[in-house]
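Trainee: Structure incoming, see below.
The values are calculated or read from the model by the stated rules, or taken from the named source; none is laboratory data. Note that this is a predicted model, so its numbers are computed, not measured. Because the Cβ atoms are built from the backbone with ideal geometry, glycine has one as well, and the counts that use them run over all protein chains shown. What goes into the accessible areas is simple: the full protein's heavy atoms, side chains included, and nothing from ligands, DNA or RNA. Shrake-Rupley method; radii C 1.70, N 1.55, O 1.52, S 1.80 Å.
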Amino acid sequence: MSFKNIIGHARAVSFLKEVYRRGRLAHAYVFVGPAGIGKAMTARAFAALLLCSSPEEQEPCGTCASCQKVQAGGHPDLEWVVPDGSFVKIEAIREACRRLSLRWFESLTKVLVIDQANAMNAEASNALLKTLEEPSSHAVIILITDTLRSLLPTIGSRCQRVVFGPLDPET
């Protein structure tokens, strides 16, 4: 997975590459924008960059073992949480946060992606909030949502926003 495959979100991609290049990573990001426009694809590319053992010009190399594991969905330092039914359940958030607090296995960073973070119920949101308030120095959390209004205001305020606009039909 590479940023080169992401179409129509040059501003978001440029921002993520720049924070990586400068070494100014936030502990948490919220990718917000309409459904189905590439937020999850961008999150996977960003996670690949963060976990890559040989990044090239703010791009994951795509060939190292870490990149291959991210692509296959089996990297031990990447946790991807999705709704179970209609909700992201508290048990999934607690386990993901517990694993995030552990030492990394292969990379120097651990990444937690919560896809459809808007599906977290109040209990799951509060469990995540504790981790956001006391972030681990070696972890990056990425929340993917359609709208910030669906998240607790305290969660949104602790994340760096990356806004994804609607895709241009011409692209």
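Trainee: Amide H of I142: which non-local residues (sequence gap of 5 or more, or other chain) have their own amide H closer than 5 Å, using H built in the peptide plane?
Mentor: Y29, L112, V113, I114
Trainee: Percent of accessible area on the range 25-171 owned by carbon and sulfur, 1.4 Å probe?
Mentor: 51 percent
Trainee: Hey, another quick one. Pairs K17/K69; K17/K130; K17/K89; K89/K130: which exceed 26 Å Cα-Cα? Don't skip to the end; give the middle numbers.
Mentor: On the way: K17/K69 21 Å; K17/K130 28 Å; K17/K89 32 Å; K89/K130 15 Å.
The answer is K17/K130; K17/K89.
Trainee: Please list, or write none, the aspartates and glutamates whose alpha carbon is within less than 20 Å of the alpha carbon of K4, excluding same-chain residues fewer than 8 places away.
Mentor: Within the straight-line limit of under 20 Å, K4 reaches these aspartates and glutamates: E18, E56, E57, E59, D168, E170.
Trainee: Write down the radius of gyration of the chain and its Dmax, each obtained from C-alpha positions, in Å.
Mentor: 15.0, 45
Trainee: Also, I was wondering about something else. With n ≥ 4 as the cut-off for DSSP H runs, can you work out [θ] at 222 nm for the chain, using -39500 (n - 2.57) per run divided by the number of residues, rounded to the nearest 500?
Mentor: Counting only the DSSP helices, I get -11000 deg cm²/dmol.
Trainee: Further question: Using +1 at the Cβ of each Lys and Arg and -1 at the Cβ of each Asp and Glu in the chain, identify which of I155, A92, V70 lies farthest towards the dipole's positive end.
Mentor: Highest projection toward the positive end goes to I155.
Trainee: Tell me the relative contact order for the chain as a rounded percent, counting alpha carbon contacts under 8 Å between residues six or more apart.
Mentor: 33 percent
Trainee: Also, quick follow-up: If you average the C-alpha positions of the range 99-114 and of the range 16-67 separately, how far apart do those two centres end up, in angstrom?
Mentor: 14 Å
Trainee: Further question on the same structure: How much accessible area per residue does the range 79-145 have, counting only protein heavy atoms and a probe of 1.4 Å, in square angstrom? Numbers along the way, then the final one.
Mentor: Values: 3310 Å² over 67 residues.
With the other protein chains kept in place, the range 79-145 gives 49 Å² per residue.
Trainee: Okay, next question. Can you give the charge dipole size of the chain about its Cα centre, rounded to the nearest 20 debye, using +1 on the beta carbon of Lys and Arg and -1 on the beta carbon of Asp and Glu? Walk me through the intermediate numbers first.
Mentor: Working: 19 positive and 17 negative charges, 70 e Å.
For the chain, the charge dipole is close to 340 debye.
Trainee: Using θ = phi - 60° and the Karplus curve 6.51 cos²θ - 1.76 cosθ + 1.60, what whole-Hz ³J(HN,Hα) does each residue of the range 38-44 get, with Gly and Pro shown as x?
Mentor: Going residue by residue, I get x, 5, 5, 5, 5, 4, 5 Hz, with x marking Gly and Pro.
Trainee: Give me the one-decimal nm value for the distance between modelled label points at R94 and A10, 7 Å along each residue's Cα-to-Cβ direction.
Mentor: Rounded to a tenth, the inter-label distance reads 4.7 nm.
Trainee: Need one number: nm distance between label points at S101 and C64, each 7 Å from Cα along Cα→Cβ, rounded to one decimal.
Mentor: Taking the two extended label points, one gets 2.8 nm.
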